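Heads up, the thing below is written out as structure tokens.
The values are calculated or read from the model by the stated rules, or taken from the named source; none is laboratory data. Only a predicted model underlies this, so the values are computations on that prediction, with no experimental measurement involved. All Cβ positions, glycine included, derive from the backbone under ideal geometry; neighbour counts span all protein chains shown. These accessible areas exclude ligands, DNA and RNA; they are computed on the full protein's heavy atoms, side chains included. Shrake-Rupley method; radii C 1.70, N 1.55, O 1.52, S 1.80 Å.
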Amino acid sequence: MWLMYAAGSAFFAGITSILAKCGIRKTDSTVATAVRTVVVLIFSWLIAGAAGSVDQVRSVDRKTLWFLILSGLATGASWLCYFRALQLGDINKVVPVDKSSTVLTILLAFILLREGISLPKIAATAVIAAGILLMVEKKDLKKQKQKKGNRWFLFASGSAFFASLTAILGKIGISGVESNPGTAIRTAVVLVMAWILVLAEGKWKEVRKINRSEMIFICLSGLATGASWLCYYRALQEGPASVVAPVDKLSVLVTAVFSYFVFGETLSRKAGIGLILLTAGTAAMAFIS
């Protein structure tokens, strides 16, 4: 079942990127992140309540709570970087860079969580890394740099780094609590972090300026994120982080399909080969497990 949850996480994460891109065309990315986190928080607590697991929050031990908080902080940092990158660059370029967190997560899972690593696993990881590199072509980086600068790449790289920490810290954090309340707790941390940044940057007044259509897309992206998180952390609770993370990153496939129909963004032949390698490497990783 954990593999099914990981696949569900990938699907909803892919939709999240599309909806979020639609919601930050004019709205500041930090403000949008803060607003959508409110939606995710409400959604996650409603699910925890429906599952009858809210009472478990009181019994969470201190170690588990700290790791959930750290995971939430890493998630908040990843989100802020990711949606800033989306605002600055093309979605088909930002998403693959963000998904490079897969490789780092596999390495950290081996080092910190003592998850086994084998020759087939190393080969699958290499295929995934090759696919990511092919999807982010040098000419695209140069083109983006001429148009908007290379800040989108820096933010996307930051998103990948913090996303890998999220997976590792989240895996440790949900070992002592059911995944639904665990997700709700860490979402509360992200919410506080996002709104502190909004207030610190003096952008709280911009919330009222968000137009109706973008607000709808921001809220929908929040619902998709909530669904993705619930699936992701349930998968992490039951399966190995070194496999759950790559399967979750198949959201790039969902994003590529939707970005073509919604934004008209197309992949070059080289990037298409990269997407195939990324998908094949992930499928191999799941099969090896």
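Using a 1.4 angstrom probe on the protein heavy atoms only, line up LYS93, LYS171, LYS205 by accessible area, largest first.
Correct descending sequence by accessible area is LYS205, LYS171, LYS93.
Express the accessible area of the chain per residue in Å², computed with a 1.4 Å probe while the remaining protein chains stay in the model.
On a per-residue basis, 45 Å².
Please identify, among ASP98, ASP61, ASP28, the residue showing maximal mean-square fluctuation in a Gaussian network model of the chain using a 10 angstrom Cα cutoff.
Its mean-square fluctuation being the largest, the pick is ASP61.
Mind checking which of VAL35, VAL262, VAL254 has the largest fluctuation in a GNM of the chain, springs on alpha carbons under 10 Å?
VAL262
Can you give the net charge of the other residues whose Cβ lies under 11 Å from the Cβ of ALA32, counting K and R as +1 and D and E as -1?
+3
Can you pull the accessible area of MET4 for me, 1.4 Å probe, Å² to the nearest 10?
140 Å²
Where in the chain are the DSSP H helices whose C-alpha atoms run 20 Å or more along the long axis and whose mean Kyte hydropathy is at least 0.5?
2-23, 29-50, 62-88, 119-135, 151-173, 179-200, 269-288
Using the alpha-carbon centroid of each, what span in Å lies between the range 154-170 and the range 45-90?
Comparing the Cα centres of the range 154-170 and the range 45-90, I get a distance of 13 Å.
Which residue fluctuates the most in the chain, going by a Gaussian network model with Cα springs under 10 Å, if the choices are LEU112, LEU104, LEU68?
The residue that fluctuates most here is LEU112.
Per residue and in cubic angstrom, what volume does the convex hull of the Cα atoms of the range 1-49 have?
Expressed per residue, the convex hull around the Cα atoms of the range 1-49 is 72 Å³.
Tell me, what is the FRET efficiency for ASP55 and TRP204 to the nearest 0.05, using R0 = 51 angstrom and their Cβ-Cβ distance as r?
Working from the Cβ atoms, E equals 0.90.
Report, in debye and to the nearest 20, how large the dipole of the range 25-98 comes out about its Cα centre when Lys and Arg carry +1 and Asp and Glu carry -1 on their Cβ.
With only Lys, Arg, Asp and Glu charged at Cβ, the dipole is about 120 debye.
Considering all projection directions equally, how large on average is the shadow of the alpha-carbon convex hull of the range 183-255, in square nanometres?
Projected over every direction and averaged, the Cα hull of the range 183-255 covers 6.3 nm².
Please report, as a whole percent, how much of the solvent-accessible surface of the chain comes from carbon and sulfur atoms (probe radius 1.4 Å).
68 percent
Can you find, among ALA188, ILE122, VAL207, the residue sitting farthest towards the positive end of the charge dipole of the range 104-262, where Lys and Arg contribute +1 and Asp and Glu -1 at Cβ?
VAL207
Can you pull the accessible area of CYS81 for me, 1.4 Å probe, Å² to the nearest 10?
30 Å²
For the chain, I need the span (max minus min coordinate) of the C-alpha atoms along each principal axis, in Å, sorted largest to smallest.
Ordered largest first, the chain gives principal extents of 53, 53, 28 Å.
For the range 225-282, what value does the Rg/Rh ratio take when both radii are computed over Cα atoms and Rh is the Kirkwood radius, given to two decimals?
1.06
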